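Comments concern the structure below.
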Amino acid sequence: MQHLIAPSLLSANFLNLEKDIEMINNSMADWFHVDVMDGHFVPNISFGFSIISQIKSIAKKPLDVHLMISEPDKYLEEFKKSGADILTVHYETCNHLHRTVNQIKKLGMKAGVVINPHVSVDLLKDILPEVDLALIMSVNPGFGGQSFIKSSYQRISRLKELIEQTNSKALIEVDGGVDISNVENLVNAGANVLVSGSAVFKAENPTDYIKQLKNLGK
């Protein structure tokens with residue numbers, strides 16, 4: 001499959017959010033990536049339910065909602081009501097990960113699991129057959145605009161091996177420091193979905209930049 005592009009709205013212009021959403025609607029992007037932060041699991045606060053609902057009202061592509069929050073199980077149903085199509089939770093935040101993943105699916109969303117740069121990819125082996133998506137953080141989560149951690153390539157390759165070993169159909173998503181300089185290497189390592197925030201929204205022509213991200217690595 002050709003890789004998917006999911007621009008991160010964390011880097012959008014919040015004074016002109018509707019304009020940026022329409023730009024993504026009309027671009028070659030595949031998903032909207034929505035980072036939810038609680039100021040506890042990560043040192044930042046971002047979108048709440050009302051903002052996600054408003055995004056959903058005009059978005060013409062799936063909402064890929066990434067929960068960087070403590071105790072995500074308390075809010076799964078509310079994120080479904082707000083418009084999440086894909087819901088990813090951090091391995092580190094779930095005491096009963098299989099239960100959380102199954103609940104996300106029961107609510108009618110695709111389920112994903114995320115790991116931070118310091119977490120071993122091998123810890124995902126048992127959950128891979130159950131998820132639709134496995135997300136490798138290629139920066140430490142919390143803020144946009146960080147530099148890509150180069151060891152992520154090896155982590156992606158190892159995750160691809162585990163997916164094949166377990167006969168999982170999970171897509172590999174990569175989030176953090178993604179731009180046109182590393183797309184080909186990421187795709188070659190095994191990435192299926194690329195999240196790009198600062199690089200897209202700081203580009204002189206974001207629509208054209210998304211096109212470049214989409215067409216590189218074929």
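Overview of results
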item: Pairs, first modelled with pLDDT under 95 in segment 52-72, second in a strand (DSSP E or B) and not hydrophobic (A, V, I, L, M, F, W, C), C-beta under 8 Å, six or more apart; result: M68/D35; M68/D38; M68/H90; I69/D38; S70/D38
item: Members of segment 169-214 found to be of a type in the set (K, R) and either in contact with a His (Cβ under 8 Å, 6 or more places away or on another chain) or under 19 Å from D35 (Cβ atoms) (or both), listed by number; result: K202, K214
item: Cβ-Cβ under 9 Å pairs, at least 6 apart or on other chains, segment 164-191 side under 14 Å from V131 (Cα atoms), far side in a helix (DSSP H, G or I) and among the basic types (K, R); result: I172/K160
item: When residues of segment 12-45 are limited to those that are surrounded by 20 or more Cβ atoms within 10 Å (Cβ to Cβ), over 14 Å from D64 (Cβ atoms) and of a type in the set (G, A, S), the one modelled with the highest pLDDT; result: S27
item: Residue satisfying condition, being touching a helix residue (DSSP H, G or I) at 6+ places or on another chain (Cβ under 9 Å) and either crowded, with 20+ Cβ neighbours inside 10 Å or hydroxyl-bearing (S, T, Y) (or both), within set I51, I55; result: I55
item: Pick from segment 201-218, criterion among the basic types (K, R) and under 19 Å from G176 (Cα atoms), ranking: surrounded by the fewest Cβ atoms within 10 Å (Cβ to Cβ); result: K202
item: Inter-residue pairs, beta-carbon under 6 Å, first farther than 16 Å from E173 by Cα and in segment 112-134, second of a type in the set (K, R), 6+ apart; result: none
item: Breaking point among (1) closer than 16 Å to V193 by Cα; (2) at pLDDT 95 or above, for F148; result: (2)
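The values are calculated or read from the model by the stated rules, or taken from the named source; none is laboratory data. Remember, it's a predicted structure, so these values are computed and weren't measured experimentally. Counting neighbours? That spans all protein chains shown, and the Cβs are built from the backbone with ideal geometry, glycine included.
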